[in-house]
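Each remark here refers to the structure printed beneath this line.
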Amino acid sequence: MKIVKLVPRVICGEGAFDNLSEVLESHFDLSSGYVVYIIDSVHQRTGLKDRIKSNEADMVIEADVSQHEPKTTEVDAIRDKILLVKGNKLPAVVVGIGGGSTLDMAKAVSVILTNPGSSAEYQGWDLPKNSAVPKVGVPTLSGTGSEASRTAVLTGPEKKMGINSDQSIFNVILLDPILLKTVERSQEFYTGMDCFVHCVESLSGSFINEMGKSFASAAKKRALDFFSKDKNYESLMTASYLGGCSIAMSEVGICHALSYGLSLVLNYRHGLAICLAFNQLGDYYGEDVKIFKQIMEANNIKLPTGITSQVAPDMMDRMVEMALRMEKPLTNALGDNWKEILTRDKIVELYRKM
Ligand code: NAD
Ligand code: ZN
């Protein structure tokens, strides 16, 4: 039985972002240092960056996540820059503002500010030894559940894998649905489907308990309603959070394992990689794949096709290796004998269909 750590403080509702300064002042000892804001550079354009009320001593760092997902080298560079500029003095708080990529960067930076070496050394389960710098998360794109989870997913030199640790969880999150309204429609769909797939995979896996089921069922319904009935952004934001909680109580499954190969080797972004993989998983998640295809059509989303037609055998091998590394998700989905069911040949067959 595992002890699950959840985010201890949540502030939600339209306009929650306006409370950021007050939350920082009331919940953290700012006299001991300064605040580091890590904000998605897209928010220069949306105007959100201008709404940060930073002091002179604070650092506002823009993260450009437009071309690729966060890398261990980028996280290391941000940590090094902070410590260089501030003469090794630690910040009082790290605030992450953006989609899953930026939230994960902020979480990872907070961990390696107090744990020596590269962030790549902490990709895995429960590896950081020292307490992280406190952190606050402000999602501006909903679906990954990073705001709720104990993982900070990074792409390292060898693997895409999270820093899965109690040190990687936010101390406070601010959920303001108004911040979602500038997201481009296809991105909204891909990341929203990430939430849907988190729920499908946790509900159909063997690791889940009753509490996880409640989180996942509620999140799944909200995510589906958003894309098939009513574009209620507060509901989508809630779905993402609840989906993240459901994963904290269970695990993901085959779709996530395959998506990591697509992201690591072919550089597909997580949400799109999830859609590309889930679209081919009818044999494993039958009814939910049918629903997925229906809402994809209703939302006028067209996935790229033939994406592996030019992939050379050595690249395909790397993709298969990456998928096979995801032992926990695959055990959750298929049981202890998953290697007999999801063979190398089967994985190649699935990738070749995409
Ligand atoms: P993202 O953060 O990579 O952002 C995708 C695009 O949306 C970017 O171009 C970004 O600039 C833009 N964007 C973000 N907010 C916006 C806004 N309000 N308006 C306009 N544009 C905006 O996308 P994501 O799908 O949220 O995150 C994907 C990452 O999250 C991947 O690295 C994935 O591995 C990770 N992930 C983490 C967890 C976790 O629990 N930590 C779970 C699932 C996925
Ligand atoms: Zn995911």
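Over the Cα atoms of segment 148-299, what Rg and Dmax result, in angstrom?
That works out to 14.8, 42 Å for Rg and Dmax.
Using only Cα positions of segment 186-234, each an equal point scatterer, no hydration layer, compute I(q)/I(0) via Debye at q = 0.18 Å⁻¹ and quote the log10 values to two decimals.
-0.54
Relative contact order, percent, of the chain when contacts are C-alpha pairs under 8 Å separated by at least 6 residues?
On the way: 670 pairs, mean separation 55.2, N = 354.
Contact order relative to length: 16 percent.
Would you kindly give the portion of the calculated P(r) for segment 150-220 that falls above 21 Å, as a percent of all Cα pairs? Kindly include the intermediate steps, with their values, before the conclusion.
On the way: 1210 of 2485 pairs.
Taking all Cα-Cα pairs of segment 150-220, the fraction more than 21 Å apart is 49 percent.
Going by Cα centres, segment 21-88 and segment 297-325 are how many Å apart?
Each part reduced to its Cα centre gives a spacing of 34 Å.
Counting pairs of Cα atoms in the chain, how many percent are more than 26 Å apart? Walk me through the numbers on the way to the answer.
Values: 29092 of 62481 pairs.
The answer is 47 percent, as a whole percent.
Considering only Cα-Cα distances, which of the following residue pairs are longer than 19 Å: K107/K220; K220/K328; K5/K135; K49/K86; K220/K339; K220/K293?
K107/K220; K220/K328; K49/K86; K220/K339
Which angle from 0 to 90°, rounded to the nearest 10, does the C-alpha axis of helix 185-204 make with the longest principal axis of the chain?
With both axes taken from Cα atoms, the answer is about 70 degrees.
Using the scaling law 2.2 N^0.38 Å as the reference, what is the normalised Cα Rg of segment 230-338? Intermediate results must be reported in sequence, preceding the final value.
Details: Rg = 15.1 Å, N = 109, 2.2 N^0.38 = 13.1 Å.
Relative to the rule-of-thumb radius for its length, segment 230-338 sits at 1.16.
Please report Rg (one decimal) and Dmax (integer) in Å for the Cα set of segment 42-168.
Just the Cα atoms of segment 42-168 yield Rg and Dmax of 13.7, 39 Å.
Which log10 I(q)/I(0) values, to two decimals, does segment 107-157 give at q = 0.19, 0.21, 0.25 Å⁻¹ under the Debye formula with one point per Cα?
Per q value, in the given order, log10 I(q)/I(0) is -0.68, -0.81, -1.07.
Relative contact order, percent, of segment 33-111 when contacts are C-alpha pairs under 8 Å separated by at least 6 residues? Walk me through the intermediate numbers first.
Working: 98 pairs, mean separation 35.2, N = 79.
Contact order relative to length: 45 percent.
Read-outs: derived from the displayed coordinates by stated rules, not from any lab. Remember, predicted model here, so these are calculated numbers, not experimental data.
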